[in-house]
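Input: a single structure, listed below in structure tokens.
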Amino acid sequence: MYSAPSVDKWRALASTSLGHLINDGWSMFVPLMADIIVNEKQTPLVVVTLISISFYSSSALLNFFIGHLADRNGRQGNFMATGIALISLAFLGFALALSFPTDSLLYFLVTAMAILAGLGSACYHPIAGAILQTSFGPGDSGKAMGLNGAFGQIGSAIFPPLFFALAIFVDQGNALALMTVLGLLGAVAIWRGLRTYRVVRDRADTGRKHGAKDALTKGILVLTIITAVRSIANTGVSTWLPTYITFVKGEGVGSLLGFTLAAMYLGAIPGQLVFGALVERLDKRYVLGASSAGAALGVIGYVFTGGYLALAFITLFGFFSYSSFPTLLSLASDYVPRSSWVAANGFVWGLGIMGGNVIGPALTQIIIGEDYARLSMAFIVLAALGMFGALVTPLMTKAKPEDRKISEKRAE
């Protein structure tokens with residue numbers, strides 16, 4: 001068992017929300033960064049996949065490991081602040097890449113920076129979820145995570161237009177450098193807000209190894225597989241969306257691209273709040289399934305329409321697809337004892353979300369080859385996969401309160 005943390009819950013919410021804003025702002029900037037490099041450096045299209053796979057693979061492989069370390073260490077706020085600093089510094093590396101010639105050194109640098117960004121991102125979601133679950137308790141953690149997730153979507157929405165606005169006055173490399181400074185200042189603020197946060201084990205529990213064994217329950221494994229299917233479908237679309245807008249829609253790289261991406265992420269802000277509230281009132285399996293189905297329908301609508309209607313559908317896609325933080329992590333906590341929340345969150349988020357994020361862009365690349373015109377077909381295939389995931393989600397075994405009590409007792 002763990003004792004209560006030493007930081008006020010509202011301070012924990014404020015600090016983790018700032019972290020979500022910066023982390024998701026940078027994470028959702030990765031596909032746009034890849035598109036910028038392809039256009040500015042005239043690199044092959046496969047660079048989009050290279051950057052995306054490097055970012056998501058490193059995060060997928062490290063989420064569970066970092067979650068396990070954070071469970072054992074207890075100073076989860078320090079891990080989070082460090083991660084925000086690392087992901088911010090990675091984009092300073094991307095800024096340097098824009099001045100490199102198109103050769104093997106450029107490919108090495110962008111791959112290394114994508115891996116560093118993935119490492120930084122791995123320090124956020126599992127840890128933030130556990131901090132909020134511990135600070136607010138089971139009755140209010142869903143709403144708190146929904147509010148926190150909304151700040152993540154605000155970051156996703158403002159980072160692209162902020163970059164394009166700064167690039168009006170300075171070049172793209174310096175715009176990224178200025179945004180990196182803001183990210184590092186945010187990391188310092190998070191460290192200050194959570195520097196006294198620590199979840200301490202009871203003396204009776206000091207001889208026990210936490211995280212790894214208790215986190216790998218049957219419910220967590222099934223949820224991870226379903227999460228991966230959902231992630232493949234959604235990320236396969238979102239990663240290639242800037243390229244789709246640039247080449248298939250014919251809009252090029254400019255303010256309209258940033259506006260479209262911002263609309264998608266802005267749609268996710270009320271989505272986080274709505275789904276955060278729903279998981280506290282309804283069966284979480286059905287809430288998760290409904291969000292997956294809504295995202296699939298949003299993609300189909302976007303492909304077959306244009307103009308303002310297409311913009312409405314991509315906003316709808318954002319509303320449903322970026323609800324994973326309150327839905328998935330609330331559901332994950334039902335299948336494990338509290339002592340393994342961060343590790344379980346890391347397993348679901350790392351192998352489920354991030355693992356799916358690796359496969360999604362690669363699957364899109366396989367479908368389109370080097371032909372941009374096939375992106376529409378790829379998006380339809382991904383939407384069908386997402387709908388399949390939505391239909392099987394309610395078939396998960398429902399976590400019973402007595403089962404969680406048994407798990408808590410075993411953890412003592």
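The table below lists the values:
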| read-out | value |
| --- | --- |
| Matching residues, region 307-330, being touching a residue at least 12 places away in the same chain (Cβ under 8 Å) and farther than 23 Å from ILE154 by Cβ | none |
| Qualifying residues in region 227-262 (those that are among the polar types (S, T, N, Q) and within 14 Å of the chain's Cα centre (by Cα)) - the one modelled with the lowest pLDDT | THR239 |
| Positions within region 301-321 being within 21 Å of TYR286 (Cβ to Cβ) and open to solvent by 30 Å² or more (accessible area, probe 1.4 Å), in sequence order | LEU316, PHE319, PHE320 |
| Elements of type helices (runs of 4 or more DSSP H) contained in region 300-354, each with 1 or more residues being hydroxyl-bearing (Ser, Thr, Tyr) | 307-321, 324-332 |
| Members of region 56-97 found to be over 16 Å from THR111 (Cα atoms) and hydroxyl-bearing (Ser, Thr, Tyr), listed by number | THR82 |
| Any chance THR246 is of a type in the set (Ser, Thr, Tyr), more than 19 Å from PHE151 (Cα to Cα) and part of a helix (DSSP H, G or I) | yes |
| Flag if PHE108 is assigned to a helix (DSSP H, G or I), open to solvent by 10 Å² or more (accessible area, probe 1.4 Å), aromatic (Phe, Trp, Tyr) and under 28 Å from ILE269 (Cα atoms) | no |
| Qualifying residue in region 91-111 (condition: farther than 17 Å from PRO31 by Cα, among the hydrophobic types (A, V, I, L, M, F, W, C), modelled with pLDDT of 85 or more and within 22 Å of the chain's Cα centre (by Cα)) | no |
| Residue that is modelled with the lowest pLDDT, among those in region 359-378 that are within 21 Å of the chain's Cα centre (by Cα) and more than 20 Å from TYR302 (Cα to Cα) | ALA362 |
| Any chance ILE36 is touching a Gly at 6+ places or on another chain (Cβ under 7 Å) and either assigned to a helix (DSSP H, G or I) or not small (Gly, Ala, Ser) (or both) | no |
| Hey, ALA177 open to solvent by less than 10 Å² (accessible area, probe 1.4 Å) and either over 23 Å from LEU328 (Cβ atoms) or among the small types (Gly, Ala, Ser) (or both) or not | no |
| Residue list for region 76-97, filter: open to solvent by less than 10 Å² (accessible area, probe 1.4 Å) and touching a Ser or Thr at 6+ places or on another chain (Cβ under 8 Å) | GLY77, MET80, GLY83, ILE87, SER88, PHE91 |
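Yes or no, residue by residue, for (1) open to solvent by 40 Å² or more (accessible area, probe 1.4 Å); (2) within 22 Å of ILE131 (Cβ to Cβ); (3) modelled with pLDDT of 75 or more:
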{"position": "MET1", "(1), (2), (3)": "yes, yes, no"}
{"position": "THR43", "(1), (2), (3)": "no, no, no"}
{"position": "VAL46", "(1), (2), (3)": "yes, no, no"}
{"position": "TYR56", "(1), (2), (3)": "no, no, yes"}
{"position": "LEU61", "(1), (2), (3)": "yes, no, yes"}
{"position": "GLY74", "(1), (2), (3)": "no, yes, no"}
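The values are calculated or read from the model by the stated rules, or taken from the named source; none is laboratory data. Here the structure is a predicted model, which means the values were calculated and not measured. Ideal geometry is used to build each Cβ from the backbone, glycine not excepted, and the neighbour counts take in all protein chains shown. With ligands, DNA and RNA removed, areas are computed over all heavy atoms of the protein, side chains included. Shrake-Rupley method; radii C 1.70, N 1.55, O 1.52, S 1.80 Å.
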